[in-house]
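A.B. asks: Quick one: the structure is below, and I'll ask about it shortly.
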Amino acid sequence: MTVLAQNLARVWEKIDAAAKRSGRGREEVTLVAVTKMVGADRIREAIMAGVTDIGENYVQEAQEKWIELREAARWHFIGHLQRNKAKAAVEFFDMIQSVDSIALAKEIGRRARAIDKRVDVLVEVNVAGEAAKFGISPDQSLDFAGEVAGVDGIRLCGLMGMAPFVDDPELTRPYFSLLRRLFENLPPENRVHLSMGMTQDFEVAIEEGATMVRIGTAIFGLRI
């Protein structure tokens, strides 16, 4: 077993344990392997080891990998998406997790309709309240989600968010709890995925209700 496969197995063990603690099964949590700065060969290795969902932060970097790997996995855009990159993103990403403005949502919808596609999206919520982070403020998120859900060409599937980076993962629990409560107040048809939790805090996120976690370092190691 390769180092990558061993890392992935450990991550799945932790996902399984955290899901059980929340009264769910491992199959109820989707692992999105974050592959920023990871080459296509290592991504292919991860797919061979069982990864089904890939998360990328930059459109151009992802597009180069997608051309080589194509339909080997489901592709998620998880970074900040500029409107002028929406056309390219719509062409090959299956889900865009970081919708944070109506203008962006409408551009995604317009580009999707042009190629007869409907793109799954998540609304990004800035639960940490940090100026350096993108996303809609929690108190505006539900009204905003309602607007996004009405845009033709996209399907609102839920919410995404990030807790602050802290040394003790337990300190992230209130942020994940807040995001879960917001998620639970979405209309049923929009409560498909709650994407929260990364390498440093995904176990707490799952305990608080995450259905999707975005993990890179624990699988691929540190990238500079």
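A.B. asks: Compute the distance from the alpha-carbon center of the range 37-73 to that of the range 131-153, in whole Å.
C.D. replies: What the calculation gives is 28 Å, centre to centre.
A.B. asks: Determine the sum of side-chain charges near residue 76: Lys and Arg each +1, Asp and Glu each -1, restricted to other residues whose C-beta is under 10 angstrom from that of residue 76.
C.D. replies: So the environment of residue 76 carries a net charge of -2.
A.B. asks: Cα-Cα pairs above 17 Å in the range 63-114: how many percent?
C.D. replies: Above the 17 Å cut-off, the range 63-114 has 30 percent of its Cα pairs.
A.B. asks: Each residue of the range 61-76 in turn: what ³J(HN,Hα) in whole Hz from Karplus with 6.51, -1.76, 1.60 and θ = phi - 60°, glycine and Pro shown as x?
C.D. replies: After applying 6.51 cos²θ - 1.76 cosθ + 1.60, I find 4, 5, 4, 5, 6, 4, 4, 7, 9, 6, 8, 6, 8, 8, 9, 10 Hz.
A.B. asks: Using modelled backbone amide H atoms (1.01 Å from N, in-plane), which distant-in-sequence or interchain residues come within less than 5 Å of residue 163's amide H?
C.D. replies: Residues meeting the criterion, in which the H sits 1.01 Å from N, are 197.
A.B. asks: Using the count of nearby Cβ atoms within 10 Å as a rough guide to exposure, how do 119, 59 rank from fewest to most?
C.D. replies: Least crowded to most crowded, the residues run 59, 119.
A.B. asks: Next question, about the same structure. Under the rule of at least 5 residues apart or a separate chain, name every residue whose amide H is placed under 5 Å from the amide H of residue 158.
C.D. replies: The list, which skips near neighbours in sequence, is 123, 192, 193.
A.B. asks: Also, quick follow-up: Which residues in the range 1-21 place their backbone N less than 12 Å from a point set 7 Å from the Cα of residue 42 along the Cα-to-Cβ direction?
C.D. replies: 3-5
A.B. asks: Still on this structure, I have one more. Cβ under 10 Å from residue 192's Cβ, residue 192 left aside: what net charge do those residues give with Lys, Arg +1 and Asp, Glu -1?
C.D. replies: Computed value for this residue: 0.
A.B. asks: Taking just the C-alpha trace of the chain, give me its Rg and Dmax in Å.
C.D. replies: Using the Cα atoms of the chain, the pair Rg, Dmax is 16.6, 48 Å.
A.B. asks: Run the count for the range 3-220, please: Lys pairs, Cα-Cα under 19 angstrom, 8 or more apart or on different chains.
C.D. replies: Number of lysine pairs found: 10.
A.B. asks: Each label point is 7 Å from the Cα along the Cα-to-Cβ direction; what then is the distance between the points at residue 137 and residue 110, in nm?
C.D. replies: 2.8 nm
A.B. asks: Further question on the same structure: If amide hydrogens are placed 1.01 Å from N in the peptide plane, which non-local residues have theirs closer than 5 Å to the one on residue 34?
C.D. replies: HN-HN under 5 Å from residue 34: 55, 215, 216.
A.B. asks: Explain nothing, just compute: Karplus ³J(HN,Hα) = 6.51 cos²θ - 1.76 cosθ + 1.60, θ = phi - 60°, for every residue of the range 159-173 in order, whole Hz, x for Gly and Pro.
C.D. replies: 10, 9, x, 10, 7, x, 7, 9, 5, 9, x, 4, 6, 7, 4
Laboratory data are not the source of any read-out in this text; all were calculated from the coordinates shown. In this text the structure is predicted, and so the values were computed from the model without any measurement. Virtual Cβ from ideal backbone geometry, glycine too; neighbours counted across all protein chains shown.
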